[in-house]
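The values are calculated or read from the model by the stated rules, or taken from the named source; none is laboratory data. It should be emphasised that the depicted structure is a prediction, and the values quoted were computed from it without experimental measurement. FYI the Cβ positions are ideal-geometry reconstructions off the backbone, even for glycines, and counts take in every protein chain you see.
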Amino acid sequence: MEIEAAVFRKILEPLSIERVEIDKPSDREVLVRTVATGVCHSDLHVIDGLGRFQLDRPIVLGHEGAGIVEAVGSGVKGLKPGDHVVACLSGFCGNCEECLSGHPNLCTGAIVARSDEALPRLSQKGAPFRQFLGISSYAEKMLLHENSVVAIDPEIPLDRAALVGCGVLTGVGAALRSSGLQPGQTVAVFGCGGVGLSIVQGARIGGARRIIGVDKFASKREMALRLGASDFVDSSEEDPVKAVRALTGGRGVDHAFEAIGDAKACRQAIESLAIRGTATIVGVLPPEEKIEFPWMAIRPECKVQTSRMGSNRFRTDIPLYLDFYRQGRLKLDEMVTKRGRLSDINEAFRAMKAGEVARTVLSFD
Ligand SMILES: [Zn+2]
Ligand SMILES: [Zn+2]
């Protein structure tokens, strides 16, 4: 069947809206009518051709999608047409060592994509198209492995739920699942985009006593404070390490998070730590990038760790975080700062680059 999709063909060039063929679901696949998709930074990295994000083309991008199941393959259990679902790029096999030890976000048993011998899920006039992260949500329909989706309460608006598939899952999970944050601790978040603001929210939900948002765009201040930050540091105006220390009586913070993917911000996060503090690097750096800091800058017994997709077990975490939303603890309405249609995709990337938005959500209805 033919669908409309935003196709990426050339690095640094706008995506083009094209007619694309999508296959029927086989065995363990689900066909989902896309209702909404968030526009995430990782897609922009692909368009910019950065490091590990150099992918074969043409490819349909987008990975923060939510929608309604239209059809399921004969082997699918627990999902049926009409179910509301959120897609997640942490599709898991359920059999590898990481899955079996309770860390499906680190699954090494690639099953979310079809094999190269099989018919492609997406194509155009017989030529195969690549699918992005087993999802490709910048399209009217998504064909996914059942382990790439989770069914959610149909009462939850899908344009809000979509965000929890990537950015919110990553940020809230970094605070609640990866970092080891304890109630009453202090937090600094470097980078207040969609992921950073979700870390701020996760830290608030997790009971942090003080949450310092740091961003080079002063425009992020109001949003950070509204979503739970107690303080905001404009890093284009002042040295954020000094500012974080000043705000914590010279001690530094128990937890610093880096949510940009920038070596300098990583160093600043590490240098902002209190004794026995933990820096959690959530952003993705270019593969050859080095994070350097003087030995004296790191306080005794500090830890530096990374977080992948909020250490999620998304089949349980997405419904949990949506419960927080329903209870008013997780703010998603405020995170959607711009809306549009699929044809607005290139404008959404421009606004993201300019630091104008927490999230753009594209709707298909
Ligand atoms: Zn993402
Ligand atoms: Zn696995």
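Descriptive notes on the structure:
- For region 23-60, a residue qualifies if it is within 14 Å of ligand 1 (Cβ to nearest atom), closer than 17 Å to PHE314 by Cβ and not in a helix (DSSP H, G or I), and the qualifying residues are THR37, GLY38, CYS40.
- Residue in region 275-284 that is farther than 26 Å from HIS103 by Cβ and either in contact (Cβ under 8 Å) with a residue 40 or more places away in the chain or part of a loop (DSSP other than H, G, I, E, B) (or both) present: no
- Residue within region 53-61 that is over 23 Å from ILE111 (Cα atoms) and at pLDDT below 95 present: no
- Meets criteria (touching a residue at least 60 places away in the same chain (Cβ under 8 Å), of a type outside the set (Asp, Glu) and part of a loop (DSSP other than H, G, I, E, B)) for SER115: no
- Scanning region 174-190 for residues that are under 23 Å from GLY261 (Cβ atoms) and over 14 Å from the mean Cα position of the chain (by Cα) yields LEU176, ARG177, SER178, SER179, GLY180, LEU181, VAL187, ALA188, VAL189, PHE190.
- Candidate set from region 61-104 (those that are in contact with a Pro (Cβ under 7 Å, 6 or more places away or on another chain), in a strand (DSSP E or B) and hydrophobic (A, V, I, L, M, F, W, C)); member that is nearest to ligand 1 (Cβ to nearest atom): VAL69
The rows are residues; the columns are (1) within 16 Å of ligand 1 (Cβ to nearest atom); (2) under 25 Å from GLY78 (Cα atoms); (3) outside any loop (DSSP other than H, G, I, E, B).
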| residue | (1), (2), (3) |
| --- | --- |
| SER136 | yes, yes, no |
| ASN147 | no, yes, yes |
| PRO154 | no, yes, no |
| ALA161 | yes, yes, yes |
| ALA174 | yes, no, yes |
| LEU181 | no, no, no |
| VAL187 | no, no, yes |
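- Neighbours by Cβ (under 7 Å, 6+ apart or cross-chain): first from region 1-24, without any contact (Cβ under 8 Å) to a residue 24 or more places away in the chain; second surrounded by fewer than 16 Cβ atoms within 10 Å (Cβ to Cβ): GLU2/ARG19; SER16/ARG9
- Being without any contact (Cβ under 8 Å) to a residue 40 or more places away in the chain and surrounded by 13 or more Cβ atoms within 10 Å (Cβ to Cβ) is true of ASP239.
- Every pair of residues 6+ apart whose Cβ atoms lie under 9 Å, when the first sits in region 90-101 and is closer than 17 Å to MET309 by Cβ while the second is among the hydroxyl-bearing types (Ser, Thr, Tyr) and more than 16 Å from ligand 1 (Cβ to nearest atom): CYS93/THR108; CYS96/THR108; GLU98/THR108; CYS99/THR108
- Here LYS80 meets each of (1) more than 16 Å from ligand 2 (Cβ to nearest atom); (2) surrounded by 17 or more Cβ atoms within 10 Å (Cβ to Cβ) with one exception, condition (2).
- Residue satisfying condition, being buried (at least 23 other Cβ atoms within 10 Å of the Cβ), of a type in the set (A, V, I, L, M, F, W, C) and under 21 Å from the mean Cα position of the chain (by Cα), within set ALA263, ALA224: ALA224
- Those residues of region 340-356 which are in contact (Cβ under 8 Å) with a residue 40 or more places away in the chain and of a type in the set (A, V, I, L, M, F, W, C), in sequence order: LEU342, ILE345, ALA348, PHE349, MET352
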